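The values are calculated or read from the model by the stated rules, or taken from the named source; none is laboratory data. What you are looking at is a predicted structure, and each value in this text was computed from that prediction instead of being measured. Please note: Cβ atoms are built from the backbone with ideal geometry, for glycine as well, and neighbour counts cover all protein chains shown.
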Amino acid sequence: MNSAFKYVSTDEAGAITFFFGTVRNSTNSRNVEQLEYEAYDRMALKKMQEIADEACRRWNILRYVVVHRKGTLLTGEIAVLVAVATPHRADAYDASRYIIDTLKQTVPIWKKEYFDDGQVWVDAHP
């Protein structure tokens, strides 16, 4: 993650926000052993770029990073990272929230949760 910080750092930025989405150990009182993420790569990358472009139109974003991992992840591991650098903190917070919320709603990434008593695909777009 140090490389993400170096990438978004700039002398013009008065604020840099980082959002780390991590694998939690439970869902609805069920113990989560691991998650598996799948994506339609080409479309996912296109949608993430569209989201970032829209965020740049709405806020004065100097630099950003958006990464969503695929494959099997264990509890505590980072699944998604959004980093945003702006001149002022309000824009950094607002842009970061917009990016992660819109990503979760629109990007074709699917999550399967593994429990000690089974597994289930989670609705990708509630």
*Just one of the numbered conditions (1) of a type in the set (Gly, Ala, Ser); (2) in contact with a Cys (Cβ under 9 Å, 6 or more places away or on another chain); (3) within 29 Å of Glu33 (Cβ to Cβ) is not true of Ala95; which one?*
(3)
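Mind counting the residues in segment 8-46 that are hydroxyl-bearing (Ser, Thr, Tyr) and touching a residue at least 60 places away in the same chain (Cβ under 8 Å)? First the steps, then the outcome.
Here is the first cut: in segment 8-46, the ones hydroxyl-bearing (Ser, Thr, Tyr) are 9-10, 17, 22, 26-27, 29, 37, 40.
Narrowing the set further to residues that are touching a residue at least 60 places away in the same chain (Cβ under 8 Å) leaves 9-10, 17, 27, 37, 40.
Final tally of qualifying residues: 6.
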*Which numbered condition trips up Lys6, out of (1) surrounded by 15 or more Cβ atoms within 10 Å (Cβ to Cβ); (2) in a helix (DSSP H, G or I)?*
(1)
*Residue ranges of strands (runs of 3 or more DSSP E) in segment 11-126 with at least 2 members in contact with a helix residue (DSSP H, G or I) (Cβ under 8 Å, 6 or more places away or on another chain) and of a type outside the set (Asp, Glu)*: 15-22, 63-68, 78-86
*asked:* Just to be sure I understand the filter: pairs with C-beta atoms under 7 Å, separated by 6 or more residues or on different chains, first member in segment 79-107 and on the phi > 0 side of the Ramachandran plot and in contact (Cβ under 8 Å) with a residue 60 or more places away in the chain, second member outside any strand (DSSP E or B) and surrounded by 22 or more Cβ atoms within 10 Å (Cβ to Cβ). Which pairs pass?
replied: none
*Could you figure out which of (1) more than 12 Å from the chain's Cα centre (by Cα); (2) in contact (Cβ under 8 Å) with a residue 24 or more places away in the chain isn't true of Arg57?*
(2)
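Being over 23 Å from Ala13 (Cβ atoms), surrounded by fewer than 17 Cβ atoms within 10 Å (Cβ to Cβ) and modelled with pLDDT of 95 or more is the requirement here; does Thr72 meet it?
Numbers: over 23 Å from Ala13 (Cβ atoms): yes; surrounded by fewer than 17 Cβ atoms within 10 Å (Cβ to Cβ): yes; modelled with pLDDT of 95 or more: yes.
When the stated conditions are applied, Thr72 passes them.
Condition check ((1) over 25 Å from Pro87 (Cα atoms); (2) within 12 Å of the chain's Cα centre (by Cα)) across all residues:
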residue: Ala4; (1), (2): no, no
residue: Asp11; (1), (2): no, no
residue: Ile16; (1), (2): no, no
residue: Phe20; (1), (2): no, yes
residue: Arg24; (1), (2): yes, no
residue: Glu33; (1), (2): yes, no
residue: Gln49; (1), (2): no, no
residue: Lys70; (1), (2): yes, yes
residue: Leu74; (1), (2): yes, no
